[in-house]
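All remarks here apply to the structure that follows.
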Amino acid sequence: MKHWIAALGLGIFLLVAPVKAENISDKTPADIAAHLATNPPTDLNEYYDLRQHAGDAKFAAVISATTTHAYKVGGLEGVKFVSGCKLPQWHAPVQAGLLLAQTATSEAEWQNWVSEVKARQTQYQTTWADLSVGKIAHPDLDGIAATLKATHEALPPSTKELAVRAARDQFGRYGTMLTDQGLLWARDASPPVLDYMKSYIYAELCATDISNTNWLKAELAQNGWFKISTHGPGADGNAWLLAQHADHDPAFQRDVLALLEPLVATGDTRPSNFAMLYDRVALKYNRPQRYGSQGRCVAAGVWEPFEVEDPAHLDERRAQVGLEPISENQKRFISICTADMAALQGQIK
């Protein structure tokens, strides 16, 4: 499962100065959006209070201005859809809070949703904590528990830290799928709360990816790659996973690819991992991929690879690096590719 989940390509904030109700009238939506970006609320009730004092029309304008501000800050003006963790980290939780407040039809409904969000967030974080002690809430989380179990062995500190980071990476990605499927913390969730949880977990995942990238970059600069011959195949795979998901930093991914290429010949990294990172980097720099490992859902139950070079010999190249035929890989996504996911991924550029 670890290999295909890698193809799927914000936590705690300090509240410095909340938007005061008495200041709303003389602030433009753009002003309020900029303030929310600088001081993201830590209390969901602040979003509802903002709506109450701003009025529905101005509140709707704030929601639009918040996204406009995020695209501007992220240097993404003119881009219609954005994939990966390219927007500022504050955007997902702020936008989710605003949309949740906009949807509420009464204060009683709002308070019910706030209580539900808190309970489901707690369940999500408790599931992660339980995995650390071997409690598995769903079969899809078995591999994560196994990765964490390995950290109880006598490992060098950096290898142990790497394993924990790889496990958290996978928890976020499986967490996204389990939420989409309405399982565990998402079971029987109110639709607006479910949408909020999707944004919450996405924001957590982006924070994890950015933290993991910064850590791995520093580790590689100091000690080089986690070679199979010195650290074992598990560490090699975990380090690759972090690099594979450093999509917000394509230059770093390209540097890691150059680092891995000579290690394939010496057996110090898995050829299949090199191949998947090769494809990731190729697409980032607008080149066809070589091994067809990167793709998207195009319909319910249907996954297709992005453009590949020399498609007639694709399976031959995949076999050379230890990847299964493309038709077998596609079968793995039958249950993952929902109609909603296909519609969303069809818009991502």
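The values are calculated or read from the model by the stated rules, or taken from the named source; none is laboratory data. Here the structure is a predicted model, which is why all the values come from computation and not from measurement. Please note: Cβ atoms are built from the backbone with ideal geometry, for glycine as well, and neighbour counts cover all protein chains shown. Heads up: the accessible areas ignore ligands, DNA and RNA and are worked out on the full protein's heavy atoms, side chains in. Shrake-Rupley method; radii C 1.70, N 1.55, O 1.52, S 1.80 Å.
Each of Thr338, Asn45, Leu241 was placed along the dipole of the chain (beta-carbon charges, centred on the mean Cα), and the one lying farthest toward the positive end is Leu241.
When all alpha carbon pairs of the range 293-349 are counted in 10 Å bins from zero, the resulting P(r) reads 24, 48, 26, 3 %. Sorting the segments 33-41, 164-172, 204-212 by their residues' average number of neighbouring beta-carbon atoms within 10 angstrom, most packed first, yields 164-172, 204-212, 33-41. Please label the shape of the range 158-312 as rounded, prolate or oblate, based on the square roots a ≥ b ≥ c of the eigenvalues of the alpha-carbon gyration tensor (a/c under 1.5 means rounded; beyond that, a/b larger than b/c means prolate, else oblate). Because a/c hits 1.5 or more and a/b fails to exceed b/c, the range 158-312 counts as oblate.
Taking Cα pairs under 8 Å and at least six residues apart, what relative contact order does the range 195-330 come out at, in percent? List each step's numbers first, then the result.
Values: 148 pairs, mean separation 20.6, N = 136.
It rounds to 15 percent for the range 195-330.
Once the chain from Ala30 to Val79 is taken as fully extended at 0.36 nm per residue, the excess over their C-alpha distance is 15.7 nm. When only alpha carbons of the range 110-177 are considered, Rg and Dmax amount to 14.1, 49 Å.
Given the rule -39500 (n - 2.57) for each run of at least 4 DSSP H residues, summed and divided by the residues of the chain, what is its mean residue ellipticity at 222 nm, to the nearest 500 deg cm²/dmol?
Values: 16 runs with 214 residues, N = 349.
Result for the chain, helices only: -19500 deg cm²/dmol.
Express in whole angstrom the spacing between the alpha-carbon centres of the range 28-48 and the range 104-174. Each part reduced to its Cα centre gives a spacing of 28 Å.
Rounded to a whole number, what % of the accessible area of the range 117-196 do carbon and sulfur atoms account for, probe 1.4 Å?
On the way: 2040 of 3660 Å².
Looking at the range 117-196 in its full context, I get 56 percent from C and S.
A cut-off under 13 angstrom between Cβ atoms defines the neighbours of Ala235, and their net charge, with Lys, Arg +1 and Asp, Glu -1, is -1.
Assuming 0.36 nm per residue, please report the length gained on full extension of the stretch Thr151 to Leu344 beyond their Cα-Cα distance. Walk me through the intermediate numbers first.
Details: separation 193, 0.36 × 193 = 69.48 nm, distance 3.66 nm.
Here the answer is 65.8 nm.
Let me know the shape class of the chain, please: from the alpha-carbon gyration tensor, a ≥ b ≥ c as square roots of the eigenvalues, rounded when a/c is under 1.5, otherwise prolate if a/b is greater than b/c, or oblate. Prolate.
Note down the magnitude of the dipole of the chain about its Cα centre, charges +1 on Lys and Arg C-beta and -1 on Asp and Glu C-beta and zero elsewhere, to the nearest 20 debye.
Working: 32 positive and 39 negative charges, 78 e Å.
Its charge dipole is roughly 380 debye.
A crude spin-label estimate for the pair Ser132 and Ala57, with each label 7 Å from Cα along the Cβ direction, gives 5.1 nm. Evaluating kT/(6 pi eta Rh) at 20 °C and 1.002 mPa s, with the Kirkwood radius of the range 162-225 over Cα pairs in the Stokes-Einstein relation, gives 166 µm² s⁻¹.
With each label modelled as a point 7 angstrom along the Cα→C-beta vector, the Ser106-Lys118 pair spans 2.1 nm. Report note on the peptides 285-297, 131-143: ranked by the mean count of other C-beta atoms within 10 Å, highest first, their order is 285-297, 131-143.
Take every pair of alpha-carbon atoms less than 8 Å apart whose residues are at least six positions apart; their mean separation over the length of the range 176-259 yields a relative contact order of 20 percent. For the range 309-331, list residues with backbone N below 15 Å from a point placed 7 Å from the Cα of Val302 toward its Cβ? The answer is 330-331, whose backbone nitrogens lie closer than 15 Å to the label point. The listed peptides 64-75, 228-239, ordered by packing as a protection proxy, come out as 228-239, 64-75 (highest mean of other Cβ atoms within 10 Å first).
Which value, in Å², gives the accessible area per residue of the range 179-220 when a 1.4 Å probe is used on the protein heavy atoms? Show your work: numbers first, answer last.
Working: 1660 Å² over 42 residues.
Ligands and nucleic acids excluded, the result is 39 Å² per residue.
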